[in-house]
């Protein structure tokens, strides 16, 4: 029986010493090393949730923008000089309609840098933070937003956003 060196793929020189069992022990670290790399690459059970995926980003923005009590957009709208100029000398009903239209026209953006706060591998969940920007007319406001991404058994992601206070 010949022992093959897996690094060079050459059989050993003739007259190699040692029993076959000793040669098998020498090959075991290579096999274990390859198996360890395989486990590392495979993630032991599928993909993990991601803080920075496009789906996660879109979900965070949608959750915040769909919130009728969104303090960030209200702050940006109240600090917009162009919206303030529009509501001057208007009735309360007209002002309310202008503010609502400005909030609905807001543009949201999640910063390029998203950080992972924590990871719970057993629950397939990560907690993340990032800066969220909202622009209303000529005013932009930003706030750090914390959110969770949980991977379900069927591979889908569930995103939830922690409420933020001013």
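Since every read-out is calculated from the coordinates, none of them should be taken as a lab result. Since this is a predicted model, take the numbers as computed values, not measurements. Glycine also receives a Cβ, built like all others from the backbone with ideal geometry; neighbour counts cover every protein chain displayed.
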Taking 92-100, 120-128 and ranking on average Cβ neighbours within 10 Å, highest first, one gets 120-128, 92-100
Final fewest-first order of 159, 149 on the 10 Å Cβ neighbour count is 159, 149
From fewest to most C-beta neighbours within 10 Å, the residues 72, 110 line up as 110, 72
Taking only the Cα positions of region 84-166, the convex hull volume per residue in Å³ is 130 Å³
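Using only C-alpha atoms and all pairs of different ones, pull out the Kirkwood radius for region 42-128 in Å with one decimal. Show your work: numbers first, answer last.
Details: mean 1/r = 0.0631 Å⁻¹.
Evaluated on region 42-128, it is 15.9 Å.
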With a Förster distance of 41 angstrom and the Cβ-Cβ distance between residue 115 and residue 90, calculated FRET efficiency to the nearest 0.05 equals 0.45
